[in-house]
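Asks: First, the structure itself, so that you have it in front of you.
The values are calculated or read from the model by the stated rules, or taken from the named source; none is laboratory data. Just so it is clear, the structure is predicted and the values come from calculations on it, not from any experiment. Cβ: placed from backbone, ideal geometry, glycine included. Neighbour counts: every protein chain shown. In case anyone asks, the SASA skips ligands and DNA or RNA and just uses the protein heavy atoms, side chains included. Shrake-Rupley method; radii C 1.70, N 1.55, O 1.52, S 1.80 Å.
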There are 2 protein chains.
Amino acid sequence: MGPVLTPHCERRVRQIRSSNFHSFLPPPDYQRGKMTDTPPSTTTTTDPIHTEDENNSNQEIVSAVSSSDNHISTIVIIIAMQTEALPLVDTFKLTEDRNSPFPKGTPWVRYYGSYKGLSVNILWPGKDAALGVDSVGTVSASLVTYAAIQALHPDLVINAGTSGGFKAKGACIGDVYVASEVAFHDRRIPIPVFDLYGVGVRQGFSTPNLLKELNLKVGKLSTGDSLDMTPLDEASIVANDATVKDMEGAAVAYVADLLKVPAIFVKAVTDIIDGDKPTSEEFLQNLTAVTVALDKTVARVVDYISGKSISEL
Amino acid sequence: MGPVLTPHCERRVRQIRSSNFHSFLPPPDYQRGKMTDTPPSTTTTTDPIHTEDENNSNQEIVSAVSSSDNHISTIVIIIAMQTEALPLVDTFKLTEDRNSPFPKGTPWVRYYGSYKGLSVNILWPGKDAALGVDSVGTVSASLVTYAAIQALHPDLVINAGTSGGFKAKGACIGDVYVASEVAFHDRRIPIPVFDLYGVGVRQGFSTPNLLKELNLKVGKLSTGDSLDMTPLDEASIVANDATVKDMEGAAVAYVADLLKVPAIFVKAVTDIIDGDKPTSEEFLQNLTAVTVALDKTVARVVDYISGKSISEL
């Protein structure tokens with residue numbers, strides 16, 4: 001038996017399956033280490049945060065973009081997978097930072113550029129050096145978020161990516177949610193107060209005008225380091241009242257909260273967790289197509305942010 | 001029915017229960033924020049890494065201790081819980097760093113001092129600002145390890161702490177293990193190669209002379225963000241061939257590996273996971289007493305390290 005889909009979801013799935021998503025794919029050589037061979041033609045290559053003396057790759061970099069007018073000037077977009085990141089790199093005409101502000105040995109990649117008056121930085125944790133796969137999960141996400149905030153001093157962090165969705169909460173494939181709240185579902189510490197620390201509930205930064213103007217869906221996000229879901233994970237996800245499930249959000253939220261940077265979470269649904277298809281199969285089948293929906297929404301969010309202050313969101 | 005203990009384990013449990021461990025406990029006011037009121041009388045307060053101009057708390061700090069003789073000069077000891085850290089702070093006569101090299105907002109605490117020719121730094125992730133409990137788990141551990149390596153440039157990282165042990169693998173309460181290998185048991189990503197990334201097996205730095213000289217037990221360590229253990233966790237722990245289970249080790253190993261710093265893992269057993277007592281009850285019952293055993297072993301390890309090069313360990 002196939003999953004029971006609402007008419008809204010059936011339309012969405014047809015759109016996803018029929019979308020000509022290949023036009024959004026990067027060319028085959030559009031990969032880390034080859035990007036300067038085929039840069040986007042209109043790339044903005046000036047970067048206000050890079051100084052003349054770049055010899056010390058671990059230097060403290062201070063944003064040269066003035067925030068004196070209270071407009072948002074610098075944003076950091078954390079994206080865990082290259083497949084999710086590259087279409088947005090293209091949309092914003094960003095360039096890979098060849099003088100990375102991060103320590104030698106870290107695989108973290110920064111794409112940067114100016115877009116509609118904003119200094120836009122996409123941070124991808126990169127490929128695992130030994131295994132060659134995207135550095136997904138909470139440990140990598142927390143590290144790259146920390147290092148990016150320290151180096152770039154953003155006014156706003158956006159964590160964008162794909163996620164699983166719960167049809168019992170109204171989610172269907174291709175939907176894009178903004179998280180009202182994030183929490184962990186796989187950190188069970190059954191000691192008073194430590195239990196709350198493990199769950200680590202945090203609010204997404206409140207953006208009522210953005211949500212209304214862009215007519216975005218809102219739901220709670222639950223984070224864990226596994227793609228699958230055990231019965232105990234499921235119980236925690238239900239307790240977290242989550243509509244979408246990812247592998248990074250609550251870790252990004254933790255770091256942004258530590259360093260007092262507003263953070264918002266934009267998550268596109270690649271697979272229905274409470275359906276009857278295996279998550280990993282559905283995830284891989286829909287990843288590229290759903291990335292198109294994610295890309296469009298993140299671009300709309302950034303367009304909306306342009307020229308506004310944090311308090312106007 | 002009580003757990004079946006080997007004669008070795010029975011002796012160990014009697015020792016732990018009868019030990020006069022209170023002499024190792026810090027005085028009641030020996031807490032963060034009060035340490036300068038009651039510093040250890042022989043504390044070494046000069047710190048080679050602090051310069052005169054301390055105004056920029058985010059500054060890049062470069063170790064002033066020369067490594068030209070190849071002797072290990074600076075070590076960073078990552079300890080997740082205050083109860084585990086403070087006895088060692090006392091043993092090494094360390095002082096809390098009031099000019100923390102870490103960003104404002106982070107709860108991370110550095111204790112530092114000179115001990116037998118070594119610059120010794122104990123890094124404790126501190127109390128969660130909202131909840132007041134120790135910032136345990138992989139996200140905090142990875143962040144504080146990253147920040148400490150960046151700020152202090154240690155020659156060696158030691159992750160010390162308490163752990164659960166498996167009696168089926170010979171562990172009993174109070175045993176202290178050095179990890180030959182570390183891996184995660186709660187990051188299941190059932191996609192080829194991503195599955196290996198999730199498990200994240202890494203070798204502990206090889207220290208054959210240290211192990212032989214100090215007659216230390218050796219076992220594999222498995223890390224997860226929960227204090228309990230689900231059947232799937234257990235299957236992963238068995239696949240990891242683990243003798244001890246903690247909540248930080250594999251994350252510390254990941255960061256140390258990224259930044260190419262040798263890391264060793266010293267784990268003392270507070271609870272028997274394959275026994276019949278609930279882990280959290282046994283953990284709390286034995287935490288303070290077992291910390292004494294951990295303290296003694298870490299002190300022996302640091303004594304052994306003193307005056308040696310990395311290749312002599």
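Asks: Can you give the accessible area per residue of the range B:69-308, in Å², using a 1.4 Å probe? Don't jump to the answer; show the numbers that get you there.
Replies: Values: 7090 Å² over 240 residues.
Solvent-accessible surface per residue comes out at 30 Å².
Asks: Then there's this: Percent of Cα-Cα pairs per 10 Å bin, from 0 to the last occupied bin, for the range B:69-308, please list those.
Replies: With a bin width of 10 Å, the distribution comes to 8, 34, 38, 17, 2, 0.
Asks: Rounded if a/c is under 1.5, else prolate if a/b is larger than b/c, else oblate: which is the range A:160-303, with a ≥ b ≥ c the root eigenvalues of its Cα gyration tensor?
Replies: Details: a/c = 1.92, a/b = 1.11, b/c = 1.73.
Note, shape of the range A:160-303 comes out oblate.
Asks: Mind putting a number on the dipole of the range B:69-308 about its Cα centre? Charges go on the C-beta only, +1 for Lys and Arg and -1 for Asp and Glu, and I need it in Debye to the nearest 20.
Replies: Numbers: 21 positive and 28 negative charges, 134 e Å.
Dipole size: approximately 640 debye.
Asks: Pull up all non-local amide H partners of A:V218: gap of 5 or more, or a different chain, and H-to-H distance under 5 Å with H placed in the peptide plane.
Replies: A:V178
Asks: Each residue of the range A:219-231 in turn: what ³J(HN,Hα) in whole Hz from Karplus with 6.51, -1.76, 1.60 and θ = phi - 60°, glycine and Pro shown as x?
Replies: So the J values, rounded to whole Hz, are x, 8, 10, 10, 10, x, 8, 10, 7, 7, 8, 7, x.
Asks: Next question, about the same structure. What are the ³J(HN,Hα) values, in whole Hz, obtained from phi via the Karplus relation 6.51 cos²θ - 1.76 cosθ + 1.60 with θ = phi - 60°, for each residue of the range B:166-178 in sequence order, with x given for Gly and Pro?
Replies: Whole-Hz 3J(HN,Hα) from phi for the range B:166-178: 9, 5, 4, 9, x, 7, 9, 4, x, 4, 10, 10, 9.
Asks: Next question. Could you pull the copy-to-copy label distances for A:V193, with points set 7 Å along Cα to Cβ, in nm to one decimal and sorted shortest first?
Replies: With the label placed 7 Å along Cα→Cβ, A:V193 yields 4.6 nm.
Asks: Let me ask you something else. Take every Cα pair under 8 Å in the range A:69-308 that's 6+ residues apart, average their separations, divide by the length, and report that relative contact order as a whole percent.
Replies: Worked out over the range A:69-308, it gives 26 percent.
Asks: Let me ask something else. Report the relative contact order of the range B:176-268, percent, no decimals, based on alpha-carbon pairs under 8 angstrom and at least 6 residues apart.
Replies: Once normalised by length, the contact order is 40 percent.
Asks: Still on this model: Where the label is 7 Å out from Cα toward Cβ, how close does A:G132 come to the same position in every other copy, in nm, shortest first?
Replies: Inter-copy label distances (nm, one decimal, shortest first): 5.2.
Asks: Which entries of B:K116/B:K267; A:K104/A:K245; A:K167/A:K277; B:K267/B:K296 show an alpha-carbon separation above 21 angstrom in the structure shown?
Replies: Table pairs above 21 Å Cα-Cα are B:K116/B:K267; A:K104/A:K245.
Asks: Each label point is 7 Å from the Cα along the Cα-to-Cβ direction; what then is the distance between the points at A:L196 and B:N209, in nm?
Replies: About 5.1 nm separates the two model spin labels.
Asks: For the range A:116-124, what does the Karplus curve 6.51 cos²θ - 1.76 cosθ + 1.60, with θ = phi - 60°, yield as ³J(HN,Hα) per residue in whole Hz, taken in order and with x for Gly and Pro?
Replies: Values per residue, Gly and Pro as x: 6, x, 9, 7, 9, 10, 9, 10, 10 Hz.
Asks: Could you pull the accessible area for B:I191 with a 1.4 Å probe, rounded to 10 Å²?
Replies: 10
Asks: Here's something else I'd like to know. Taking amide H atoms as placed 1.01 Å from N in the peptide plane, list the residues 5 or more away in sequence, or in a different chain, whose amide H sits under 5 Å from that of A:V109.
Replies: Residues meeting the criterion, in which the H sits 1.01 Å from N, are A:W124, A:G126.
Asks: List the distances, in nm to one decimal, from the label point of A:K296 to the label points of the same position in every other copy, shortest first, placing each label point 7 Å from Cα along the Cα-to-Cβ direction.
Replies: Spelled out, the distances from A:K296's label point are 6.7 nm.
Asks: Exactly which trypsin sites (Lys or Arg not before Pro) in the range A:73-169 are in a DSSP loop and have at most 15 other Cβ atoms within 10 Å? Numbers along the way, then the final one.
Replies: Values: sites: A:K93, A:R98, A:K104, A:R110, A:K116, A:K127, A:K167, A:K169; in loops: A:K93, A:R98, A:K104, A:K116.
Filter output for the range A:73-169: A:R98, A:K104, A:K116.
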